[in-house]
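J.: Pasting a structure below so you can have a look.
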Amino acid sequence: MIFILIIDKEILPWIGEPSIYATHYKIDDLLEEIGLFYGVFLVTILIPIFEELAFRLFLKPSGFTIAISVALLLFFFTGDVYYIDSFSYYLRILVCLIVFFVIRRFDKKVLEVYSSVSPSSWIIVSSAIFSLAHITNFDPIHYSVWYLYPIYVLPQFFMGLIASTIRINNGFIWSVLLHMLINGFGAWPKLIT
């Protein structure tokens, strides 16, 4: 975290760029936009469940877990996840369901390909994708310094490594609970202020 602050407060101004950290999506903004109780529910319950299903369920591989994770990752990276906005939202759901059933149809081949990669490599891939997905928490993105954004999501990368290890060693529910706890630290105090 100190390294991130040094980049943000010293290096970026030195090269004439605005703060990246200042563009991080604040929980207060989200709660104001969608409402306190729904926002806290979204941040502490729905988002952790969705993200754990997408980013870590497949770490104990079966045709079903891989199909769920791939379909949810596709949904996650093709548009807004938590707001039902238009026909395209339902079209994305349909495409993800088709992907799910195609993977299920060929699950033996999918498992064969999956097994060709070491479990530790899948943990790193899962954590990297998880952290890079959190670049969307910064808005607007300063494209002139795009190469610095992975540094800003290093905390999510390390959280991904920890949650992945917990998921493999202790079970899926424990990684979900850890994720809920981490997100809750930022959201729950808003209920009493």
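The values are calculated or read from the model by the stated rules, or taken from the named source; none is laboratory data. In this text the structure is predicted, and so the values were computed from the model without any measurement. Backbone-built Cβ (ideal geometry, glycine too); neighbour counts: all protein chains shown.
J.: Say we look at region 124-181 and pick out the residues that are surrounded by 15 or more Cβ atoms within 10 Å (Cβ to Cβ) and touching a strand residue (DSSP E or B) at 6+ places or on another chain (Cβ under 8 Å); which of these is nearest to Phe75 (Cα to Cα)?
T.: Only one residue tops the list, namely Phe138.
J.: Follow-up. Quick one: Ser19 ticks every box in (1) over 21 Å from Phe158 (Cα atoms); (2) hydroxyl-bearing (Ser, Thr, Tyr); (3) within 18 Å of the chain's Cα centre (by Cα) except a single one, so which number is it?
T.: Exception for Ser19: condition (3).
J.: Would you point out which residue out of Ala67, Ala71 is over 30 Å from Lys190 (Cα atoms), touching a Cys at 6+ places or on another chain (Cβ under 6 Å) and without any contact (Cβ under 8 Å) to a residue 60 or more places away in the chain? It would help to see each step written out before you state the result.
T.: Working: Ala67 fails: touching a Cys at 6+ places or on another chain (Cβ under 6 Å).
One residue alone meets the criteria, Ala71.
J.: Follow-up. Do you know which residues across region 140-171 are among the β-branched types (Val, Ile, Thr) and touching a residue at least 60 places away in the same chain (Cβ under 8 Å)? Lay out the reasoning, then the answer.
T.: As a first pass, look at region 140-171 and keep what is among the β-branched types (Val, Ile, Thr): 141, 145, 151, 153, 162, 165-166, 168.
Ile141, Val145, Ile151, Ile168, listed by residue number.
J.: Might you check whether a residue that is within 16 Å of the chain's Cα centre (by Cα) and aliphatic (A, V, I, L, M) occurs anywhere in region 25-36?
T.: Within region 25-36, one or more residues are within 16 Å of the chain's Cα centre (by Cα) and aliphatic (A, V, I, L, M).
J.: Go through (1) in contact (Cβ under 8 Å) with a residue 24 or more places away in the chain; (2) out of contact with any His (no Cβ under 6 Å at 6 or more places or on another chain); (3) within 21 Å of Pro155 (Cβ to Cβ) for Pro61 and report which single condition fails.
T.: Result: Pro61 fails condition (3) only.
J.: Something else now. Suppose we filter region 89-118 for residues that are among the polar types (S, T, N, Q) and assigned to a helix (DSSP H, G or I); how many remain?
T.: Pass one, region 89-118, residues among the polar types (S, T, N, Q): 115-116, 118.
If we keep only those that are assigned to a helix (DSSP H, G or I) too, we end up with 115.
So the count comes out to 1.
Results for (1) modelled with pLDDT of 90 or more; (2) closer than 26 Å to Ser120 by Cβ; (3) of a type in the set (Gly, Ala, Ser); (4) under 16 Å from the mean Cα position of the chain (by Cα), shown as yes or no for each residue.
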| residue | (1), (2), (3), (4) |
| --- | --- |
| Ile49 | yes, yes, no, yes |
| Phe55 | yes, yes, no, yes |
| Lys60 | yes, yes, no, no |
| Ala67 | yes, yes, yes, no |
| Phe75 | yes, no, no, yes |
| Ser88 | no, no, yes, no |
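J.: Right, Ser164: in contact with a Gly (Cβ under 9 Å, 6 or more places away or on another chain) and either of a type in the set (Val, Ile, Thr) or modelled with pLDDT of 90 or more (or both) or not?
T.: Taking the combined requirement at face value, the residue does not satisfy it.
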